[in-house]
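Visitor: Quick one: structure below, then a few questions.
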Amino acid sequence: MSKAELVEKIAEQANLTKADAERAVNAFIGAVTGSLKNGEDVTLVGFGTFTTGKRAARQGRNPQTGKTITIKAKTVVKFKPGKALRDSVG
C-alpha cells in the first residue's frame, strides 16, 4: 500500500477529506520520526513498538568488483508488532 492509498483509506474510514487525512498521516510520521531521533521509543498498544538500535560496522563486498569494503556503523529503526496485530494477521 502506498502513502496515497493509505491517505485514501483513512479519509474513507474516518469520514475526513483527503487533505485532512494527509495532514494526519504526515503529522503521525513526523511525530514518530521526531521521537525516534530523540532516542524515544513509540509504543502503540495493540499495534506495535518502534525503536532504534545500533548496527555495528562490518565487512562487506562490492558486488561489481569483489573488493572487500567496510560498511559503517549506523542507527536503524526496528518495529516489533503487538499481540493484537500479530493475531489479526496470522
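The values are calculated or read from the model by the stated rules, or taken from the named source; none is laboratory data. Here the structure is a predicted model, which means the values were calculated and not measured. FYI the Cβ positions are ideal-geometry reconstructions off the backbone, even for glycines, and counts take in every protein chain you see. Side chains included, ligands, DNA and RNA excluded: accessible areas come from the protein's heavy atoms. Shrake-Rupley method; radii C 1.70, N 1.55, O 1.52, S 1.80 Å.
Visitor: Using the structure shown, select from LYS9/LYS74; LYS18/LYS54; LYS18/LYS83; LYS3/LYS78; LYS3/LYS80; LYS3/LYS37 the pairs with a Cα to Cα distance greater than 27 angstrom.
Guide: On the way: LYS9/LYS74 34 Å; LYS18/LYS54 37 Å; LYS18/LYS83 30 Å; LYS3/LYS78 20 Å; LYS3/LYS80 21 Å; LYS3/LYS37 22 Å.
With Cα atoms farther than 27 Å apart: LYS9/LYS74; LYS18/LYS54; LYS18/LYS83.
Visitor: Would you work out what percent of the accessible area of the chain, with all protein chains in place, is carbon or sulfur (probe 1.4 Å)?
Guide: Values: 3890 of 7100 Å².
The value for the chain is 55 percent carbon and sulfur by accessible area.
Visitor: Which order do ILE71, ILE29 take by accessible area at a 1.4 Å probe, largest first? Intermediate values should be presented prior to the final figure.
Guide: Details: ILE71 55, ILE29 80 Å².
So, going from the largest accessible area down, we get ILE29, ILE71.
Visitor: Determine the dipole magnitude for the chain: charges of +1 sit on the beta-carbon of Lys and Arg, -1 on that of Asp and Glu, nothing else is charged, the reference point is the Cα centre, and the result goes in debye to the nearest 20.
Guide: Numbers: 16 positive and 8 negative charges, 178 e Å.
Here the size comes out at about 860 debye.
Visitor: Further, regarding this structure: Using DSSP to define loop residues, name the chymotrypsin sites (Phe, Trp or Tyr not before Pro) in the range 1-78 whose beta-carbon has at most 16 other beta-carbon atoms within 10 Å.
Guide: Numbers: sites: PHE28, PHE47, PHE50; in loops: PHE47.
Counting only loop positions with at most 16 other Cβ atoms within 10 Å, the chymotrypsin sites (Phe, Trp or Tyr not before Pro) in the range 1-78 are PHE47.
Visitor: To the nearest 500 deg cm²/dmol, what mean residue ellipticity at 222 nm is calculated for the chain from DSSP H runs of n ≥ 4 alone, each contributing -39,500 (n - 2.57), summed and divided by the residues? Before the final figure, lay out each step's value.
Guide: Numbers: 3 runs with 38 residues, N = 90.
That comes out to -13500 deg cm²/dmol.
Visitor: Counting other C-beta atoms within 10 Å, and keeping those with at most 10, which DSSP coil trypsin sites (Lys or Arg not before Pro) do you find in the range 11-77? Write down the numbers at each step before the final one.
Guide: On the way: sites: LYS18, ARG23, LYS37, LYS54, ARG55, ARG58, ARG61, LYS67, LYS72, LYS74; in loops: LYS67, LYS72.
Passing sites in the range 11-77 are LYS67, LYS72.
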